[in-house]
Amino acid sequence: MRRALTEQELHNLAMNIVGKQLEEEGFEFMGINSKPKKNPQYVCLKDKILHFIVVRNVDYPRNTREFDVALMQKVKNQADKFEAKTYYAGVGLSNASNQELPVYLNEDYIVDYQGLIEI
């Protein structure tokens, strides 16, 4: 039976995509939070510098590069206390056969992820 992914499942998928990139780039994970409203999702260490990374699943057709400025400023203010860098990672996930449809479990999907945006 066909089932659309829940918001939490879409968020987890976005987190996995970003997490894989961070791992490949040599980031060391200090803390991971998979709750969509609890920020940041990743606290990482690289080159002795702390990084706060906010991950968001972005619904099609919204732009993955646009983010909630007030939220990101709040996270940046927190990161600044730890001399940490702040990043936004927007991940667009959409149905491969028709982008207007939801992403379904065990069906192909398109990823629109253009990397980290430093705040």
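Just so you know, all these numbers are worked out from the coordinates, no wet-lab data involved. These figures come from a predicted structure and were not determined experimentally. Cβ placement follows ideal geometry from the backbone for every residue including glycine, while neighbour counts extend to all protein chains displayed.
Quick notes
- Once the range 14-55 is narrowed to residues that are touching a His at 6+ places or on another chain (Cβ under 8 Å) and not aliphatic (A, V, I, L, M), the residue that is surrounded by the fewest Cβ atoms within 10 Å (Cβ to Cβ) is 34.
- Applying the criterion of being among the polar types (S, T, N, Q) and under 17 Å from the mean Cα position of the chain (by Cα) to the residues of the range 62-82, the residue that is surrounded by the most Cβ atoms within 10 Å (Cβ to Cβ) is 64.
- Every residue from the range 85-119 that is outside any strand (DSSP E or B), out of contact with any Lys or Arg (no Cβ under 7 Å at 6 or more places or on another chain) and over 18 Å from residue 59 (Cβ atoms): 106, 115, 116
- Subset of the range 83-101 (residues that are closer than 23 Å to residue 54 by Cα and more than 18 Å from the chain's Cα centre (by Cα)): 83
- Test: residue in the range 75-90 that is of a type in the set (S, T, N, Q), in contact with a strand residue (DSSP E or B) (Cβ under 7 Å, 6 or more places away or on another chain) and under 15 Å from residue 113 (Cβ atoms): no
- Comparison of 112, 47, 108, 59 shows that the only residue that is over 15 Å from residue 13 (Cα atoms) and not aliphatic (A, V, I, L, M) is 47.
- Just so you know, in the range 21-61 the residues that are under 12 Å from the mean Cα position of the chain (by Cα) and β-branched (Val, Ile, Thr) include one that is farthest from residue 79 (Cα to Cα), and it is 58.
- Test: residue 7 is at negative phi, out of contact with any Asp or Glu (no Cβ under 6 Å at 6 or more places or on another chain) and either surrounded by 19 or more Cβ atoms within 10 Å (Cβ to Cβ) or not aliphatic (A, V, I, L, M) (or both): yes
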